[in-house]
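*Asks:* Dropping a structure here in structure tokens format, bear with me for questions.
Read-outs: derived from the displayed coordinates by stated rules, not from any lab. No experiment lies behind these values; they were computed from the predicted model shown. FYI the Cβ positions are ideal-geometry reconstructions off the backbone, even for glycines, and counts take in every protein chain you see.
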Amino acid sequence: MGKKLEGIQRMLVIINKLKERQRYVPREELEEYVRLRMEERDATPVDIRTIQRDFKDIEDLFGICVRFDKKRNGYYINEEDSLINEQYERLLLNFDLLNALDKTSNLHTYVLAEHHRPSDTECLPALIKAIKFSHPVAFDYILLLSGKTLT
């Protein structure tokens, strides 16, 4: 995997971690999370210095400002300065999905990436991970027809 691609993947992992939390993420937790996610991708190991250098690139590329709060001892996304919007969300998700479906994995035999996906895709990364690591998945399907719900 190229260094640039690894860097972008790492930035996406950082953003996803910071966005999923409503509170501040401690340095050790962020470092461990990024390390594990990058190991799953067979990428180069990272340390907190690499992650901190990525913060500037995240701001330059995505307009997302990552800050550290000394009082709360954790990193957070500064929502006031950030340009996070639906377009960035889609970009991040699509990039992550395309990387998950690369030719080196067998995921492309199970998942067909379409150009038009439904807007509610929050479970998609978890499903991709389950497929990648051969974890069983169970879910309920609800079919909606002309205002009636069939289960």
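*Asks:* Please give the peptides 23-30, 136-143, 12-19 ranked by average Cβ packing (other Cβ atoms within 10 Å per residue), highest first, as a rough proxy for protection.
*Replies:* Final packing ranking: 12-19, 23-30, 136-143.
*Asks:* Continuing with the same structure: Taking 0.36 nm per intervening residue step and subtracting the Cα-Cα distance, what contour gain separates Leu127 from Asp140 on full extension? Don't skip to the end; give the middle numbers.
*Replies:* On the way: separation 13, 0.36 × 13 = 4.68 nm, distance 1.39 nm.
Stretched out fully, the Leu127 to Asp140 stretch lengthens by 3.3 nm.
*Asks:* Quick one: of Lys4/Lys71; Lys17/Lys56; Lys4/Lys132; Lys71/Lys129; Lys56/Lys129, which pairs are farther than 25 Å apart, Cα to Cα? Present the calculation step by step, with values, prior to reporting the outcome.
*Replies:* Details: Lys4/Lys71 34 Å; Lys17/Lys56 17 Å; Lys4/Lys132 23 Å; Lys71/Lys129 35 Å; Lys56/Lys129 28 Å.
Violating the 25 Å Cα-Cα cut-off are Lys4/Lys71; Lys71/Lys129; Lys56/Lys129.
*Asks:* Taking the inverse of the average 1/r across all pairs of different Cα atoms in segment 1-61, what Kirkwood radius in Å do you get?
*Replies:* With all distinct Cα pairs of segment 1-61 included, I get 11.6 Å.
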